[in-house]
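Read the structure below first, then the notes.
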Amino acid sequence: MSEIITNQQNELVKIIECYSEKDGVHQTAIPSLFFMRDSNASVPRHGVYKPSLCMVVQGAKEVWLAQERFRYSPADYLIASVHLPVTAQVTEATPDIPYLGFKLEFTPSQILEVLQDSEVRVYTKENPKRAMFVCQMESSLMDAVLRLARLLDEPKDIPVLAPLIIKEILYRVLQGQNGIALEHIVMEGSSTHQIKDVIEHIMNNYASSLRTRELAEIANMSVSSFHRYFKEVTAMSPIQFQKQLRLQEARRLLLTESADATDVAFRVGYESPSQFSREYSRMFGFPPRQDIKRLRA
């Protein structure tokens, strides 16, 4: 990693420490920008990544997408181009040198605006790309990220300058080695764009019974092509994708509401409480009641 990037990151460390004195996720005055802090290596955490640029500014982190592992450190950045259920774990952090993270969420319309302004040629017939990737950090991207973070010290400048700098950040990512994976998400006619539409449908209807043929029709694909492309983009089948969403939502409901496991199983779309308990245990390592008791403790 170059000395320029190292110096840029040292400044970003100070900014993140200033705005995240305690462990946890901290939303900033820039609505789409979040800082994360952990004083110790964490247990695996399940969640859904929105389309976002994620950076480790200090420490290291691993993200699992199905059976695929993405490890990144201050020398890299990670992109999730669609909503993806993942398991994430901070692997390097101490009270003296805590893990510090930077996350900038974005929308497909923001990507499309950058593409239209930059007149980038996109080849929509190329095979779909994985919707998560790690790239090596570049000083031009780091410079834009740092300027965005500096705006937190000048709140009056945020409404005007933040959208411009975010646009620059997305432009830098699109110019990177895997930028084409981000382009395809928004280009009508690309198979990745069609899969994105199905992902949004599943996100909005995860508790409903989903038929593969109906999902393939949403994507305007044959059933066999749809299965192949969906797995290429998400690293899992549509059923596995839906199952992760259901189980994560079930865990959230059990933690936040005084509902029993059977009631929650039905609410997230399971017809069999025993099947729900088996699949919950397989994903989280403990049966529902034991898992929630452990988390609350």
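We did not get these values from a lab; they are worked out from the coordinates using the rules stated. Everything numeric in this text was worked out from a predicted model, so none of it was measured. Positions of Cβ are backbone-derived with ideal geometry, glycine not excepted, and every protein chain shown enters the neighbour counts.
Odds and ends about this structure:
- Annotation: for a label point projected 7 angstrom from Cα along Cα→Cβ of SER118, residues of the range 165-190 with backbone N closer than 18 Å are 165-188.
- Theoretical ellipticity at 222 nm over the chain - DSSP helices of four or more residues, -39500 (n - 2.57) apiece, nearest 500: -15500 deg cm²/dmol
- Total lysine pairs under 23 Å (Cα atoms) in the range 91-181, excluding pairs fewer than 8 apart on one chain: 5
- From the coordinates of this entry, Rg and Dmax of the Cα atoms in Å is computed, and it appears in [x] 38.4, 112; [y] 20.1, 57; [z] 20.1, 63 under the label [y].
- Spacing of the two label points (7 Å from each Cα toward its C-beta) at ASN127 and GLN67, in nm: 1.8
- Rounded to the nearest whole Hz, the Karplus-based 3J(HN,Hα) values (6.51 cos²θ - 1.76 cosθ + 1.60, θ = phi - 60°) of the range 53-63 follow the sequence 9, 10, 10, 9, 8, 8, x, 7, 8, 10, 10, with x at glycine and proline.
- If R0 is 30 Å, the Cβ-Cβ spacing of ARG211 and VAL25 corresponds to a FRET efficiency of close to 0.25.
- Sparse packing (at most 16 other Cβ atoms within 10 Å of the Cβ) combined with a DSSP loop state is found for none of the chymotrypsin sites (Phe, Trp or Tyr not before Pro) in the range 19-79.
- Per DSSP, loop GluC sites (Glu not before Pro) in the range 165-231 with at most 10 further Cβ within 10 Å: GLU188
- Förster-model FRET efficiency, 41 Å R0, ASP96 and GLU154, C-beta, rounded to 0.05: 0.85
- Amide H to amide H distances under 5 Å link VAL57 with LEU100, GLY101, PHE102, where only residues 5 or more positions off or on other chains count and H is placed in the peptide plane.
- Net charge in the neighbourhood of ARG37 (other residues with Cβ under 11 Å of its Cβ; Lys, Arg +1, Asp, Glu -1) is -3.
- D_trans [Stokes-Einstein, Kirkwood Rh over alpha-carbon pairs] for the range 188-296, 37 °C, 0.692 mPa s, µm² s⁻¹: 221
- Approximate spin-label separation LYS14-GLU200, in nm, with each point projected 7 Å along Cα-to-Cβ: 4.3
- The Cβ shell under 15 Å around SER109 holds other residues with a net charge of -4, Lys and Arg each +1, Asp and Glu each -1.
- Legend: helices of the chain (whole DSSP H runs) are marked when their alpha-carbon atoms reach 18 angstrom or more along the helix axis and their mean Kyte-Doolittle hydropathy is at least 0.0; marked are 158-174.
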